[in-house]
Structures are given as C-alpha cells and as structure tokens.
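The values are calculated or read from the model by the stated rules, or taken from the named source; none is laboratory data. Just so it is clear, the model here is predicted, and its values are computed rather than measured. A quick note on method: Cβ atoms are made from the backbone with ideal geometry, for glycine too, and the neighbour counts reach across all protein chains shown. Quick note on the areas: whole protein, heavy atoms, side chains included, nothing else; ligands and nucleic acids left out. Shrake-Rupley method; radii C 1.70, N 1.55, O 1.52, S 1.80 Å.
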Amino acid sequence: MARDMSDKDILKMELDQLKKEVGTSRTAVSATAPELIAYTEAQSAEDPLIRGVPEDKNPFKEKGGGVYWYLTGISQASRTAGARPEEKRQSSEARMDEFYNLEKDEAPEKVPLMFISFPSAKDPTSKIRYPGKTCTTILTVVSYEWSEEWNDTMVKKNDYMGYKTRFAKHLLDWACMYFPKLREKLVFQEVATPLTNVHCLGAYRGAMYSAEHNLEHFHVEVMAKNRCDTPVKNLFGQNVFSRGIVGAVHGGLLCASTALGRIVYVNLLLLKKKLKRRKAGEMAALSKEKLQ
C-alpha cells in the first residue's frame with residue numbers, strides 16, 4: 001500500500017497515526033494498582049512466585065532431545081545455489097514424542113522436523129570475503145540415548161560415523177526437495193551429534209537450550225525457581241526466556257535487571273517514549289515543510 005503513496009501522503013499518514021497515539025486515553029497506574037495489590041496479597045499464600053519453591057523440589061523436566069547439526073559448504077554463490085537470507089522450517093505429520101520412542105535404527109530415515117538456514121546469504125560481506133561460496137546449516141532434534149553408547153569412545157568407530165551419516169543423508173534429501181541446487185556443488189559436509197555438543201560446548205545431553213522447552217517451562221513453579229541470581233556473590237546466569245532471538249533478548253534483560261538492581265524494562269520504556277516524541281516532532285516539522 002505504501003509503495004503506491006507519495007512521500008507527502010506517507011508523511012501525513014504517519015503524522016495522523018502519531019496524533020492518535022498521543023491522544024489515546026490511558027488509565028493511571030495509581031488507579032489500578034490497589035486492585036492488583038489486593039489480589040496479589042489474597043493469593044500470596046499459594047503463589048510460588050512469593051513463597052518460593054522448596055529446595056528439594058525440581059520443577060524442571062529432564063531434557064528430551066539433543067541437537068543434531070548438518071553443516072555443508074557449496075562451491076556456488078548464494079543466489080545461484082538458490083540460498084535465501086531466511087530460515088525454513090519443515091515438519092511432517094509425526095509427533096516428536098513418537099519420534100523419540102522409535103528404535104535407534106529406525107530413527108535416521110524418519111526425522112519429522114528440520115530447520116534450514118543460509119548464514120552466508122544473510123551476511124552482505126560473505127560474497128566479498130568468500131566469492132562463489134555458500135554455507136548451509138541444517139538441524140533437527142534427536143534422542144540423546146541413540147548415540148549415548150559411543151559417549152566414552154575417544155575415537156569414534158565406523159558404526160558411529162555410519163549412523164550419523166544416515167541422518168545427514170536424510171536431511172540433505174529432504175532439503176533438496178526445496179533447494180535442489182544444494183547437491184550439485186556440495187564440496188564439504190560436517191555432522192555434529194548430541195555427543196559433539198557435549199564434548200565441544202559442554203551442553204547437557206547435547207541440548208541447544210538450557211531448561212527443556214515445553215509448556216511446563218512456563219508454569220509458575222518453574223518461573224519461581226528459575227532466577228538469574230545464584231548463591232555465589234556477583235555471579236549471575238542468563239536463562240533462555242524462550243526460543244529464538246526475542247527470547248534471548250528478554251533473558252538478557254532479566255539478567256541485566258538482576259545484576260544492576262533495577263528494572264531495565266522501565267529504562268527501555270522511557271527511552272522509547274523519548275525517541276517517539278523526538279520522532280513525532282521531526283515528522284511534524286517535515287510534514288509542515290512538505291505541505292507548504
């Protein structure tokens with residue numbers, strides 16, 4: 001819609017929107033706070049966020065699966081290879097809990113979930129630093145137990161290499177259904193199992209995130225138990241709030257709030273208001289100039 005509008009019309013539309021937002025009526029916090037305080041005090045006896053969680057109770061669920069990485073290098077430019085600066089998620093009808101219950105030898109060809117990303121296509125400097133090259137990341141989640149038998153093996157045996165290669169072949173076949181040019185110029189591939197994540201990253205059971213991410217992760221007892229401060233003075237921990245960049249940002253804000261002893265969200269809200277007022281003033285001045 002905006003592409004069909006002139007600069008003058010766009011400025012006028014933005015100015016009208018800012019006027020509406022500034023004029024929106026709001027209820028003062030002082031008018032609503034007493035009700036919130038009364039409700040909180042009435043529920044305090046049963047609220048884990050207030051009374052806490054017993055030390056001997058662990059509300060976190062055991063990690064369900066570890067991350068399986070399939071990394072590839074392609075001797076072809078991103079655009080030619082069909083790579084795009086985006087992620088693609090594919091899933092089959094199978095449920096992850098059903099997948100985890102499969103026998104080890106059944107699993108490689110029945111992966112129900114796949115995430116594909118092209119880091120080189122997102123990096124504007126990649127075509128300068130590595131001309132004619134493209135890298136791809138494909139990952140899924142698998143049961144840690146399927147590779148656990150090789151955990152104490154210093155040099156992995158051929159059966160381990162063969163087993164993880166079966167996953168790689170299936171993921172590549174699946175990815176080529178959407179990006180058929182990936183196979184043509186494949187010059188490098190590396191496979192990482194949950195054991196790789198344990199060895200190189202110290203990740204518990206090869207998992208990508210910290211606590212298990214399921215509905216229970218957002219239950220009140222888990223939130224009450226999950227805090228950024230630790231028994232060690234001046235040592236803080238940033239738990240993943242939820243998956244993805246947004247979750248990481250919120251986890252960082254919560255940890256920063258704990259370390260600084262103030263609610264950083266308030267600072268961000270004040271900064272947002274300040275920037276919004278400045279933007280409104282600039283838009284009003286520009287719009288006035290354009291309308292003359």
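Among the residues of the range 264-292, those identified as among the aliphatic types (A, V, I, L, M) and surrounded by fewer than 14 Cβ atoms within 10 Å (Cβ to Cβ) are Val266, Leu268, Leu269, Leu270, Leu271, Leu275, Ala285, Leu291. The helices (runs of 4 or more DSSP H) located wholly in the range 55-172 that include 3 or more residues which are open to solvent by 50 Å² or more (accessible area, probe 1.4 Å) and either at pLDDT 85 or above or not polar (S, T, N, Q) (or both) occupy 96-100, 126-129. In the range 176-192, the residue that is modelled with the lowest pLDDT out of those that are open to solvent by less than 50 Å² (accessible area, probe 1.4 Å) and under 18 Å from Ala121 (Cα atoms) is Leu182.
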